[in-house]
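This report refers to the structure that appears directly beneath it.
Taken together, the values in this text are just the output of simple stated rules run on the coordinates, not laboratory data. Being a predicted model, the structure only gives us computed values, none of them experimental. In this analysis, Cβ positions are derived from the backbone assuming ideal geometry, glycine residues included, and neighbour counts consider all displayed protein chains.
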Amino acid sequence: MINFIKFIKGFLVVEVKGFSPERFINLCANKKILIWQLKKNKNAYTFCISVKGYKLLKPIVRKTNTKIKIVDKIGLPFFFYKYRKRKLFFMGIGVFVSFIYILSLFIWRIEFVGNYTYTDELLLKYLSSNDYKVGMKKTEVISSEIEKRIMKDFQDISWASIEVNGTKMILHLQETLERHEDVAESIPSDIIAEKDGVITSIVTRKGMPMVVEGDVVVKGDVLVTGDLLIKMEEVLRDVEFVHADGDIYAQTIYHYEDEVPLYYQEKVFTGKTQKGYTYNFFNNNITLYHPRIKLEEYDTIIKNKTYKIGKNFFLPVEQIKTEYREYYMADQYYTLEEATNLLNHRLNKYIKELEEKGVQILENNVKIKEENDVVILEGQLVLIERIGIDQPINISERRIEYEDEIIREDDGDTQ
């Protein structure tokens, strides 16, 4: 920032030489004249100094019997002075700066972080259907609104956050194994078990817990009820219904199965390729060249390159290169060791994804076997995960269940 200010004000690169240049430098320090980037070059010194500071050097030059020479002039004032007669040049700079400023008011790139289940293309299509697209104004980005909408529409996305940096919008996501739509906090509800398991921990913030650590539960069991029983002297007087809230974790079992055939076919690329080029300007495609495909079987690879200034200032200009690569199918064979390594790699990747979603792996009980030229990895994973989901309460039906138990004060007086 300091260097930028110096550039705006302008400064000089000066050379000093003579009988005692060291004394010249010491006197500059005593007079509090700022110099920087001091360098020794044989019998002379070069340094940078402001224009104001340079005007104060004459007495010091006479006193030290030295000579000074301006080597270079750096900064905007000198630049403008040099090109002062080129009005069209400065007009062009003004137009360019104005254009860049206008571009900075819009989103020209959207990126996603943390999406494993959903592709970038699907998420881009979803955002576009909600009017969040490349080319939108940054002032139209209402983070809280689209974040809530994403978590509502995608059941296995538990957290979403939008970050705007430069002309780039980044959507951070966190996925869970399975997530059911939350029930509004104003609606009375129970927390029920999403799957079978053994309770390992339960923290209740609202409602009444129905299970304790160590209890075995099956899918649909009530873990925390939203029924609040109002009692006086152990006598049930009334029932209120609230939105139960708590964190319940259980030990669950997942069945895991994967297989790799020992004999398979693989693509072998011949090296023959054809390429096409398209440019996108402000979301409008202009095809410069599209080849006439002369390949028999081929893969299509599309590479997008968005132009930018710096790290995060993306421009509405994109190069789209389409490459067609010819291939043929060849018979291949895995050794037992290769197939085993491939299966273990897939399993480790799956376990890593579970851990990133907050699931704790207790046991890994999977085994490998070979049947009919197929290597199979099969077994159970013992996990600890959150299993509670909301279930709305039918107040009318639930209240009927308590009718025979409730003894009101007026009933007691009558008796």
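For the chain, which DSSP H helices look membrane-span-like by this rule: Cα extent along the axis of 20 Å or more and mean Kyte-Doolittle of at least -1.0?
Going by DSSP H runs, the hits are 87-103, 336-356.
Length gained on full extension, Thr300 to Arg346: 14.0 nm, using 0.36 nm per residue less the C-alpha separation. Dividing the mean sequence gap of close Cα pairs (under 8 Å, 6+ apart) by how many residues the range 109-175 holds gives a relative contact order of 44 percent. By the Cα gyration tensor, the range 292-382 has an equivalent ellipsoid whose semi-axes, rounded to whole angstrom, run 40, 27, 8 from largest to smallest.
Quick one: Kirkwood hydrodynamic radius for the range 110-237, alpha-carbon pairs, angstrom, one decimal? Let's see the in-between values first.
Numbers: mean 1/r = 0.0561 Å⁻¹.
After inverting the pairwise mean of 1/r, the radius is 17.8 Å.
Spin-label model, Gln380/Leu229: points 7 Å from Cα along the beta carbon direction are separated by 3.5 nm. Remark on Leu262: its backbone amide H falls under 5 Å from those of Val374, Val375, a criterion applied only to residues 5 or more positions apart or on other chains, H modelled at 1.01 Å from N. The slack in the chain from Ile100 to Glu259, taken as 0.36 nm per residue of separation less the alpha-carbon distance, amounts to 51.8 nm.
Highest mean first, how do 313-321, 68-76 rank when packing is the count of other Cβ atoms within 10 Å averaged over residues?
Ranked by mean Cβ neighbours within 10 Å, highest first: 313-321, 68-76.
Note on Leu315 and Val198: the model spin-label points, each 7 Å out from Cα along the C-beta direction, lie 6.3 nm apart.
Dividing the mean sequence gap of close Cα pairs (under 8 Å, 6+ apart) by how many residues the chain holds gives a relative contact order of 14 percent. In terms of surrounding Cβ atoms within a 10 Å radius of their Cβ, Glu297, Glu353 rank from fewest to most as Glu297, Glu353. Summarising the amide proton neighbourhood of Tyr256: residues at separation of 5 or more, or on other chains, whose placed amide H is nearer than 5 Å comprise Gly379, Gln380, Leu381.
Could you compute how fast the range 263-333 diffuses translationally, taking Rh as the Kirkwood radius over C-alpha pairs and applying Stokes-Einstein at 20 °C with viscosity 1.002 mPa s? Give it in µm² per second. Here the translational diffusion coefficient equals 150 µm²/s. Every helix of 4 or more DSSP H residues in the chain counts as -39500 (n - 2.57), and over all residues that averages to -7500 deg cm²/dmol at 222 nm.
The Cα atoms of the range 250-409 define a convex hull whose projected area, averaged across directions, is 22.2 nm². Ratio of Rg to Rh for the chain: 1.20 [Cα atoms; Kirkwood radius as inverse mean 1/r over pairs]. Of Leu354, Gly114, Gln274, whose Cα points farthest to the positive end of the dipole of the chain (charges on the beta-carbon: +1 Lys, Arg; -1 Asp, Glu; origin at the Cα centre)? The residue sitting farthest along the positive end of the dipole is Gln274. As a length-normalised measure over Cα pairs under 8 Å and 6 or more apart, the relative contact order of the range 263-333 settles at 48 percent. At full extension, Lys152 and Glu240 could sit 28.9 nm farther apart than now, given 0.36 nm per residue minus the alpha carbon distance.
Restricting to bridges with both residues inside the range 282-404, how much of the DSSP beta-bridge set is antiparallel, in percent to the nearest 5?
100
The residues Thr287, Thr64, when put in order of fewest to most other Cβ atoms within 10 Å, stand as Thr287, Thr64. A simple spin-label model places the labels of Glu397 and Phe79 7.4 nm from each other, with each point 7 Å out along Cα-to-Cβ. Neighbours of Val260 by Cβ distance under 9 Å: Lys/Arg scored +1, Asp/Glu scored -1, total -2.
With K and R counted +1 and D and E -1, the other residues having a Cβ less than 14 Å from that of Tyr101 yield a net charge of +2. Restricting the calculation to alpha carbons of the range 109-175 gives Rg and Dmax of 10.9, 30 angstrom.
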